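*Asks:* Take a look at the following structure, please.
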Amino acid sequence: MALTVSVFGQNKTREVLTLEKNWRFHKGDVENAYAPDFNDSKWESVTVPHDWAIKGPFNMDIDKQTVAIVQNGEEVATEKTGRTGALPYIGVGWYRNQFSIPNFSAEKKVILLFEGAMSEPEVFLNGKKIGSWNYGYSYFYFDITDHILADQQNSLAVKLTNRERSSRWYPGAGLYRNVRVIVKNKASIDQWGTFITTPFISSELAKVNVKTKVSGEHLILVTQIKDADGKIVATDTTKTLYDNEFEQNIAVSNPKLWSPETPYLYTSISQLYMGNHLKDEISTRFGIRKIKYEAEKGFSLNDSVIKFKGVCLHHDLGPIGTAVNTAALRRQLTILKDMGANAIRSSHNMPSFEQLELCDEMGFLFLAESFDEWAKPKVENGYHLYFETDAEKDIVNLVQATRNHPSIVMWSSGNEVPDQWGSDGAKRAKWLQDIFHREDPTRPVTVGMDQVEATMASGFGAVLDIPGLNYRVHLYEEAYKAFPQGLILGSETASTVSSRGIYKFPVVEAKMKQYNDLQSSSYDLEACSWSNIPDEDFVLQDDKPWVIGEFVWTGFDYLGEPTPYDDMWPSRSSYFGINDLAGLPKDRYYLYRSRWNTKDETLHILPHWNWEGREGEVTPVFVYTSYESAELFVNGKSMGVQKKNMSSPTNRYRLMWMDVIYEPGTIKVVAFDSEGRPVAEKETHTAGKPYQLVLEADRTQLNADGKDLAFVTVSVVDKNGILCPTATNQLNFNVTGAGTYRAAANGDATSLEMFHLPTMKLFSGKLVVLVQSAEDVGKIELTVSGKGLKTAKTYITTIN
Ligand code: GAL
């Protein structure tokens, strides 16, 4: 069935058709696949957003790269297997679809918008190539008015090409973000033509500056500002065009300010008239908020100094790959909010619109990044191939499409670009920064720098609005003195590695530590040769007012870059996440939470207490807590009181009992308030044999839209309900009713089980099942079973 744009309603001045359904997809190149009469009936039928590679299978030969990763300090080339996730993203893929525009006339203008296409999209309409783009992360659009066939099916074909050795992580493949057809009048507001800023704010009044680029003649613009309840709080009408731009300054009294704690949003309704005729109407959400970056003082939002408690995120969503999904993004942000995070960095590329909208609504500050390479390569077929020709237009689109999001408070023009070396690099940094400033004079620009010494010498770091340091905690002080800005951002921090629920002995700090099982220890003392444990960043954040915050690498594990096992198969996803690939918190989650979430109590004990075979051996116990001190008991015997102290970074932020001797039973921690009164306690027990499955859905009600997702955490417990922390049982999933099984993940970076198949092993006693709503209202039943285990069921309803 072909899609149809609905007929223009009486007052409807524009229609947006999201091309989600009825796509045909084919992996591999096909001659004539762009031809309107091409027979695609044998092609796979898919919905977009779509990631053609996420169903695998994993294969160590895919994108195998025999390279020395120079930025990791490697000098000798070795064979890297899972660097880009070992999933089949390389090659050509074709997508085809059709749409029609009834009542199309000479008055109309049609825009075809891609919110991201991986990669090198070539777009054909009715057999003709109408345009192409290179960068897979960019948003871009074409005016297709002249190619539209009125009252008939228009045939759309998109060819995508992914080259090997083009990425340092899993980039995904295909039409992984939305594709939209926008039908409007010729006399209309330009695509991304609205720019709203709030240059003056007091408690009584905000000046809302609205710039609106338009096409057409004899135009009048009416702008209404609505508050969050939909009440009109201000209106302004103008006829004065400056070239093709209207500019309005609109007073909003008693403004409610946007912040992470109070993410208050206004909406601007722009109505474009020609005489008495309404020609176009769009609405733009924005926030009223003030940002300032000041030497020595740091970053302030609405006149209060705050630090970025941020995480870096790659764009993949674990088991569903890169296909953008609002429910999956919201779940990530919900988890991060509970941790106390207030900021996100979209490393190392343009964020999805969906993610920005959620950050506006939920209250996250956003550092929007653009590139991982400039003119000098990191990988053979990386962005350097396009830098000279494309960098400007890629930045222009990034800024124009996203600049009304109050969450965005800083841009980043690059990450660890090899251009940090040499004099051309500083010039490029200035060139890019000037483009950002031209498009948006309200936000500063940073670059994540790892070659800190080179950037001090070359002037590269001095050029930037905000010098961002990636790792290199030992150089913060020197860089602060050398750079003129008077502040430093931890643009990328920590890169501590760990596997959820896995603990290694002896418990010692280590760099690039490898184990035979290809896992890393969750005592959170292991990092890379270039990176560090979280505590070392905390010291800088706490002691230096000129350090304006940090973005931890990373909030969640991602596909690809399995350091410290880059050259060891079957590692295929990262160990850096504070949460694993399934979104389950690792112990580190509680370390950050104990510092960042200042409202709620954190009291977390590690490791688990199932150490058969370690009886009598030293098995240290760590407690991550918001309290200053605590006492530990093993089977009722006190192991003494520990108090946070300044003797070392770890002693400052963790409570550690290093000499505990393992005996099965119960460990209990009792935390004390500042007066030494016991105020909270937690216990961990040795578990018996796996007995029963337990399900816990993050949401029990989904939208009946065919896209919504529930994330169901599956654990296995013993007869007494105690979590079995080492269980690896193979489980099976069955979904019936108004939904389908979408995927599962267990967070094991070495697992080669496919996410989309309804079976998976537990990892450290847990995994997560993703259930997707259908378009019907009803009830979904998820059944999880495993040999020798009591089966569990859970129910989710779908609503309109
Ligand atoms: C940084 C880089 C990230 C990631 C990280 C791993 O140098 O910017 O993309 O590779 O290291 O520690």
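*Asks:* Kindly list, by first and then second residue, each pair from a residue in the stretch 264-288 that is free of Cβ contacts under 8 Å to residues at least 40 places away in the same chain and buried (at least 16 other Cβ atoms within 10 Å of the Cβ) to a residue that is acidic (D, E) and part of a loop (DSSP other than H, G, I, E, B), limited to pairs with Cβ atoms under 9 Å and residues at least 6 apart or on different chains.
*Replies:* Matching pairs, first to second residue: Y264/D227.
*Asks:* Check S253, S259, S270 and return the single one that is within 31 Å of the chain's Cα centre (by Cα) and within 17 Å of I201 (Cα to Cα).
*Replies:* S259
*Asks:* Condition (residue is surrounded by 24 or more Cβ atoms within 10 Å (Cβ to Cβ), of a type outside the set (D, E), within 16 Å of the ligand (Cβ to nearest atom) and touching a residue at least 60 places away in the same chain (Cβ under 8 Å)) applied to the stretch 589-601: is it met by at least one residue?
*Replies:* No, that holds for no residue.
*Asks:* Go through the stretch 40-71 residue by residue and tally those that are more than 16 Å from the ligand (Cβ to nearest atom), of a type in the set (A, V, I, L, M, F, W, C) and part of a loop (DSSP other than H, G, I, E, B).
*Replies:* Residues that pass the stated criteria total 8.
*Asks:* Something else: Looking at N349, N342, N276, which one is within 29 Å of P199 (Cα to Cα) and either within 16 Å of the ligand (Cβ to nearest atom) or over 15 Å from the mean Cα position of the chain (by Cα) (or both)?
*Replies:* N349 is the lone residue from the list that is within 29 Å of P199 (Cα to Cα) and either within 16 Å of the ligand (Cβ to nearest atom) or over 15 Å from the mean Cα position of the chain (by Cα) (or both).
*Asks:* Quick one: in the stretch 521-564, which of the residues that are within 16 Å of the ligand (Cβ to nearest atom) and free of Cβ contacts under 8 Å to residues at least 60 places away in the same chain is nearest to F299 (Cα to Cα)?
*Replies:* Per the stated criteria, the residue is A527.
*Asks:* For F538, are the conditions met, namely being part of a helix (DSSP H, G or I) and not basic (K, R)?
*Replies:* Answer is yes for this residue.
*Asks:* Run down G577, G583 and say which single residue is surrounded by 24 or more Cβ atoms within 10 Å (Cβ to Cβ), without any contact (Cβ under 8 Å) to a residue 24 or more places away in the chain and in a loop (DSSP other than H, G, I, E, B).
*Replies:* Residue meeting the stated conditions: G577.
*Asks:* Another question, then. State all residues of the stretch 732-752 that are surrounded by fewer than 17 Cβ atoms within 10 Å (Cβ to Cβ) and either among the aromatic types (F, W, Y) or part of a loop (DSSP other than H, G, I, E, B) (or both); if no residue qualifies, say none.
*Replies:* The answer is L752, and nothing else.
*Asks:* What do you reckon, is A494 within 14 Å of the ligand (Cβ to nearest atom), without any contact (Cβ under 8 Å) to a residue 40 or more places away in the chain and of a type outside the set (S, T, N, Q)?
*Replies:* Criteria not met by A494.
*Asks:* Mind listing whichever residues of the stretch 312-338 are within 20 Å of L175 (Cα to Cα) and either in a helix (DSSP H, G or I) or without any contact (Cβ under 8 Å) to a residue 24 or more places away in the chain (or both)?
*Replies:* L317, G318, P319, I320, T326, A327, A328, L329
*Asks:* Looking at E74, E79, which one is surrounded by fewer than 18 Cβ atoms within 10 Å (Cβ to Cβ), farther than 25 Å from W192 by Cα and either within 16 Å of the ligand (Cβ to nearest atom) or without any contact (Cβ under 8 Å) to a residue 60 or more places away in the chain (or both)?
*Replies:* After ruling out the rest, the residue left standing is E74.
*Asks:* Considering (1) among the acidic types (D, E); (2) within 25 Å of the chain's Cα centre (by Cα); (3) under 29 Å from G461 (Cβ atoms), say which one E478 fails and leave the rest.
*Replies:* Here E478 meets the rest and fails (2).
*Asks:* Out of (1) buried (at least 23 other Cβ atoms within 10 Å of the Cβ); (2) within 29 Å of K481 (Cβ to Cβ), the odd one out for S529 is which?
*Replies:* Every condition holds for S529 apart from (1).
*Asks:* Just give me the residues in the stretch 213-250 being polar (S, T, N, Q), more than 19 Å from K109 (Cβ to Cβ) and either surrounded by 14 or more Cβ atoms within 10 Å (Cβ to Cβ) or over 35 Å from the mean Cα position of the chain (by Cα) (or both), in sequence order.
*Replies:* T223, Q224, T235, T237, T238, T240, Q248
*Asks:* Would you check which residues across the stretch 611-630 are out of contact with any Phe, Trp or Tyr (no Cβ under 6 Å at 6 or more places or on another chain), farther than 13 Å from V669 by Cα and of a type in the set (A, V, I, L, M, F, W, C) and list them?
*Replies:* Across the stretch 611-630, the qualifying residue is only V618.
*Asks:* Still on this structure, I have one more. Would you mind finding the one in A680, A671 that is buried (at least 19 other Cβ atoms within 10 Å of the Cβ) and among the small types (G, A, S)?
*Replies:* Among A680, A671, only A671 is buried (at least 19 other Cβ atoms within 10 Å of the Cβ) and among the small types (G, A, S).
*Asks:* Just to be sure I understand the filter: pairs with C-beta atoms under 6 Å, separated by 6 or more residues or on different chains, first member in the stretch 415-429 and touching a residue at least 60 places away in the same chain (Cβ under 8 Å), second member in a loop (DSSP other than H, G, I, E, B). Which pairs pass?
*Replies:* Close Cβ pairs satisfying both conditions: N415/H348; N415/D372; E416/D450; P418/K376.
*Asks:* With of a type in the set (D, E), in contact with a helix residue (DSSP H, G or I) (Cβ under 8 Å, 6 or more places away or on another chain) and part of a loop (DSSP other than H, G, I, E, B) as the only criterion, which of D517, D524 stands out?
*Replies:* After applying the criteria, what remains is D524.
*Asks:* To continue, here is another question. More than 16 Å from the ligand (Cβ to nearest atom), of a type in the set (A, V, I, L, M) and at pLDDT 95 or above, is that true of L313?
*Replies:* So L313 does not fit the description; no.
*Asks:* Using the structure shown, decide if R180 is in contact (Cβ under 8 Å) with a residue 12 or more places away in the chain, within 16 Å of the ligand (Cβ to nearest atom) and surrounded by fewer than 21 Cβ atoms within 10 Å (Cβ to Cβ).
*Replies:* No; evaluated as a whole, the condition is false for this residue.
*Asks:* Kindly establish whether G613 is in a loop (DSSP other than H, G, I, E, B), under 20 Å from G501 (Cβ atoms) and within 16 Å of the ligand (Cβ to nearest atom).
*Replies:* For G613, the condition - in a loop (DSSP other than H, G, I, E, B), under 20 Å from G501 (Cβ atoms) and within 16 Å of the ligand (Cβ to nearest atom) - is not met.
*Asks:* Let me ask you something else. Those residues that are within 15 Å of the ligand (Cβ to nearest atom) and either crowded, with 24+ Cβ neighbours inside 10 Å or assigned to a strand (DSSP E or B) (or both), I need them from the stretch 464-491; list them, please.
*Replies:* Passing the criteria: G468, L469, N470, Y471, L489, G490, S491.
*Asks:* Let me ask you something else. Just wondering, is there one or more residues in the stretch 656-664 that are touching a helix residue (DSSP H, G or I) at 6+ places or on another chain (Cβ under 9 Å) and either of a type in the set (K, R) or modelled with pLDDT of 95 or more (or both)?
*Replies:* yes
*Asks:* Please go through the stretch 438-456 and give me each residue that is within 16 Å of the ligand (Cβ to nearest atom), in a helix (DSSP H, G or I) and buried (at least 19 other Cβ atoms within 10 Å of the Cβ), ordered by number.
*Replies:* Result: V452, T455.
*Asks:* Another question, if that's okay. Test Y592 against the criterion of being within 20 Å of G448 (Cβ to Cβ) and either small (G, A, S) or touching a helix residue (DSSP H, G or I) at 6+ places or on another chain (Cβ under 6 Å) (or both), and give yes or no.
*Replies:* The answer is yes for Y592.
*Asks:* I need the full set of residues from the stretch 380-437 which are under 25 Å from M456 (Cα atoms), within 16 Å of the ligand (Cβ to nearest atom) and not in a helix (DSSP H, G or I), in order please.
*Replies:* S412, S413, G414, N415, E416, V417, W421
*Asks:* Any chance the stretch 195-212 includes a residue that's buried (at least 16 other Cβ atoms within 10 Å of the Cβ), away from the ligand (no atom under 16 Å from the Cβ) and within 30 Å of N97 (Cβ to Cβ)?
*Replies:* No, every residue in the stretch 195-212 fails to be buried (at least 16 other Cβ atoms within 10 Å of the Cβ), away from the ligand (no atom under 16 Å from the Cβ) and within 30 Å of N97 (Cβ to Cβ).
The values are calculated or read from the model by the stated rules, or taken from the named source; none is laboratory data. Quick caveat, the model's predicted, so the values are computed rather than measured. So basically every Cβ, Gly included, is an ideal-geometry build from the backbone, and we count neighbours across all protein chains shown.
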